[in-house]
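K.L.:
Right, I'll just put the structure down here and ask away after.
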Amino acid sequence: MTGKPKYSANSPHLDYANPDAPKGGTLKQAAIGTFDTVNPYTIKGKAAVGMDLVTDKLMVRVWDEPFTMYPMIAKSTEVAPNRSWITFHIDPRAKFHDGSPITADDVVWTFETLKEFGRPNARRIYKLVSKVERPDTNSVKFTFGEGYDRETMMILCLMPVLSKTYWKDKTFDQTTLTPFLSNGAYKITEVDPGRRIVYERVKDYWAKDLMPNRGHFNIDKIIYDFYRDDSVAFESFKSGDLNLRREWDAGLWQSGYDFPAMKDKAKKEALPHGRPDRVRGFIFNTRREPFTDIRVRQALNHLLDFEFLNQNFYYGLYGRINSYFPNTELAATDTPPPIKNATAEEKRENMKRADALLKEAGWVIKDGKRVNAKTGKAFTFEIMLDDPSNEKIALSFVRSLKRMGITANVRVLDSAAFLGRLTDYDFDMTLYFWMSTLSPGTEQYLYWSCEAAKTPSRWNYAGICDKNIDELSKSIASAKTREELVSKVQALDKALMAGSYMIPLYYNSKDFVAYWQPLAHPENMPLYGTVLETWWMNAP
């Protein structure tokens, strides 16, 4: 995206992969929920976990640099200096699992099909293509029209390639539990609807020796068992039925892995990463009173006791978010430090500061309640949650608010109801998150712009509408060097933090992973963190 690629055409393998890793074994993991389709490319149904294993893309990302594309189905490319067009030259070795070659016809058919029936993010990008040409039988040229930017070409590189011949007499835009003809490192060999999916390594996989793949896809069989309850999945891991688990619960990580097998048969590791973690916080809906007033938002920021939450709920394992790009070089370096409530004196001072800000904004105490000085209306609002496990955090915050005469009610919704209200911006405050990458781009405008604030189903949950933030978020995708990109993102980050659009919570700079031996992983951890495709099974 910016700068030069880390690897050259002569690089033997990626630094975080072991090219001598043995092949074999079975990796069995849990997936929470269910599935009703093995077509992940349409909006219909819920696709099974792991479908990326079966389909190759035109080009692939690697995970120890921010955003660079390397050859896969496309052996080489030609790109306009201003990125207004790109030509993909298909590797003549590329083939589907039945041995049929991947052709320019397959690329064009996939593009046209996903532009019409694909997921919204794909449709949005593919519709920026104004012309598709075939310079020869093994090449496809895409020319971009109005609205494209430097990132458009990069996202097009990530297009999967599907078989035109396979799909010609089938309806693409529907759920299906029949595995389709594909071309990736694995193929589906078993589907138990909603309960289990099994992938097996393709022994004659055409791209196994390409540089980005060396040392990857070492496990012969990958199984996902689906559970409706994560606590049941954890018990399955403890019993040895599952042999790898990613842990997201700090409390469970701290105290739940002391069963006997952890001493000699299983391991748990906190593996470092350098990617932006989720920006989790209590998000204000600034479309609604009283959160239209920054003084109110600043006041409530002073009342969250993060230190208490971290120690009592998370064993001190998390860091406090002080950026919309935490844990990276993208974070602004000149923002004020997080508000601390670690000592009794700090808590008193923060309550005084919050009280002063609230009074300045017209919210005074009357009969022990915080009310609007002009209307007499009480300061009450609702905190909307999607997960009962977040209720303890919200209730701790509610207790702090109560001491200031503010009443907050906590409401936990099921996932469908929560997402419906979230995308309609129908809430006062919610505990949710934003997610970015090490190479932010056009999505930043969808996160923070005035246009997104007024458009349902975007990601501007806070309703941010600021001319400076609009300009900064729009400019990021035009950065031509890494240095320019970092500078633009840091400026955006500073502006977002200054607006007090959320009450920041925590982030984790490590991946919590537990696994049963003889499963093993490379010594080097990539920038983006754990890459399970590089793990292998040692001989018992």
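The values are calculated or read from the model by the stated rules, or taken from the named source; none is laboratory data. What you see is a predicted model; the values in this text were computed from it and never measured. When we count neighbours, we look across all protein chains shown, and the Cβ atoms used for this are built from the backbone with ideal geometry, even at glycine.
K.L.:
Among Gly147, Gly118, Gly184, Gly194, which is the only one that is of a type in the set (Gly, Ala, Ser) and modelled with pLDDT of 95 or more? Break it down into steps so the answer makes sense when it comes.
P.N.:
Working: Gly147 fails: modelled with pLDDT of 95 or more; Gly118 fails: modelled with pLDDT of 95 or more; Gly194 fails: modelled with pLDDT of 95 or more.
From the options Gly147, Gly118, Gly184, Gly194, the qualifying one is Gly184.
K.L.:
Same structure again: Which pairs have Cβ atoms under 8 Å, sit 6 or more apart or on different chains, and link a residue in the range 489-507 that is within 14 Å of Ile476 (Cβ to Cβ) to one that is of a type in the set (S, T, N, Q) and surrounded by fewer than 20 Cβ atoms within 10 Å (Cβ to Cβ)?
P.N.:
Gln490/Thr333; Asp493/Thr335; Lys494/Thr335; Ala495/Asn468
K.L.:
Moving to a separate point now. Can you tell me which residue among Leu401, Leu357 is at pLDDT 95 or above, within 21 Å of Arg280 (Cβ to Cβ), surrounded by 17 or more Cβ atoms within 10 Å (Cβ to Cβ) and touching a helix residue (DSSP H, G or I) at 6+ places or on another chain (Cβ under 9 Å)?
P.N.:
Leu401
K.L.:
Right, something else. Name every residue in the range 415-451 that is of a type in the set (D, E, K, R) and either free of Cβ contacts under 8 Å to residues at least 40 places away in the same chain or in the same structural domain as Met69 (by TED's automatic domain parsing) (or both), in order of residue number.
P.N.:
Hits for the range 415-451 are Arg421, Asp424, Asp426, Glu443, Glu451.
K.L.:
Within the range 477-535, which residues are of a type in the set (S, T, N, Q), over 30 Å from Phe237 (Cα atoms) and either crowded, with 21+ Cβ neighbours inside 10 Å or modelled with pLDDT of 95 or more (or both)?
P.N.:
The first filter runs over the range 477-535 and keeps only residues of a type in the set (S, T, N, Q), leaving 478, 481, 487, 490, 500, 508-509, 517, 524, 530, 534.
From the residues that got through so far, the ones that are over 30 Å from Phe237 (Cα atoms) too are 478, 481, 487, 490, 500.
Across the range 477-535, the qualifying residues are Ser487, Gln490, Ser500.
K.L.:
Among the numbered criteria (1) farther than 20 Å from Arg399 by Cβ; (2) of a type outside the set (Lys, Arg); (3) surrounded by fewer than 16 Cβ atoms within 10 Å (Cβ to Cβ), which single criterion is violated by Asn285?
P.N.:
(3)
K.L.:
List the strands (runs of 3 or more DSSP E) inside the range 105-219, counting only whole elements, that have at least 2 residues being surrounded by 19 or more Cβ atoms within 10 Å (Cβ to Cβ), in contact (Cβ under 8 Å) with a residue 24 or more places away in the chain and touching a Phe, Trp or Tyr at 6+ places or on another chain (Cβ under 8 Å).
P.N.:
Working: elements: 129-133, 139-144, 186-192, 196-201.
Here the list reads 139-144, 186-192, 196-201.
K.L.:
Show the residue pairs that are 6+ apart or on different chains and have beta-carbon atoms under 7 Å apart, the first residue being within the range 289-308 and part of a loop (DSSP other than H, G, I, E, B), the second being among the aliphatic types (A, V, I, L, M) and modelled with pLDDT under 95.
P.N.:
Once the first residue is part of a loop (DSSP other than H, G, I, E, B) and sits in the range 289-308, its partners that are among the aliphatic types (A, V, I, L, M) and modelled with pLDDT under 95 give His302/Ile339.
K.L.:
When residues of the range 26-64 are filtered for being crowded, with 19+ Cβ neighbours inside 10 Å, among the small types (Gly, Ala, Ser) and either farther than 24 Å from Pro276 by Cα or over 18 Å from the mean Cα position of the chain (by Cα) (or both), how many remain?
P.N.:
Within the range 26-64, residues that are crowded, with 19+ Cβ neighbours inside 10 Å, among the small types (Gly, Ala, Ser) and either farther than 24 Å from Pro276 by Cα or over 18 Å from the mean Cα position of the chain (by Cα) (or both) number 2.
K.L.:
When you look at Asn327, is it surrounded by fewer than 21 Cβ atoms within 10 Å (Cβ to Cβ) and closer than 30 Å to Glu269 by Cβ, yes or no? Let's see the steps before the verdict.
P.N.:
Working: surrounded by fewer than 21 Cβ atoms within 10 Å (Cβ to Cβ): yes; closer than 30 Å to Glu269 by Cβ: yes.
Yes.
K.L.:
Quick one: Thr333 ticks every box in (1) more than 18 Å from Met404 (Cβ to Cβ); (2) assigned to a helix (DSSP H, G or I); (3) not hydrophobic (A, V, I, L, M, F, W, C) except a single one, so which number is it?
P.N.:
The single condition Thr333 does not satisfy is (2).
K.L.:
Check whether at least one residue in the range 375-396 is touching a helix residue (DSSP H, G or I) at 6+ places or on another chain (Cβ under 7 Å), among the small types (Gly, Ala, Ser) and farther than 30 Å from Asp229 by Cβ, and report yes or no. If you could, list the steps in order and put the result at the bottom.
P.N.:
Narrowing the range 375-396 to residues touching a helix residue (DSSP H, G or I) at 6+ places or on another chain (Cβ under 7 Å): 383-386, 392-393, 396.
Within this subset, residues satisfying the condition of being among the small types (Gly, Ala, Ser) are 396.
Okay, now just the ones that are also farther than 30 Å from Asp229 by Cβ, so none.
No, the range 375-396 contains no residue that is touching a helix residue (DSSP H, G or I) at 6+ places or on another chain (Cβ under 7 Å), among the small types (Gly, Ala, Ser) and farther than 30 Å from Asp229 by Cβ.
K.L.:
Filter the range 450-476 for residues that are among the hydroxyl-bearing types (Ser, Thr, Tyr) and under 25 Å from Ala417 (Cα atoms); which is modelled with the lowest pLDDT?
P.N.:
Per the criteria, the residue is Ser457.
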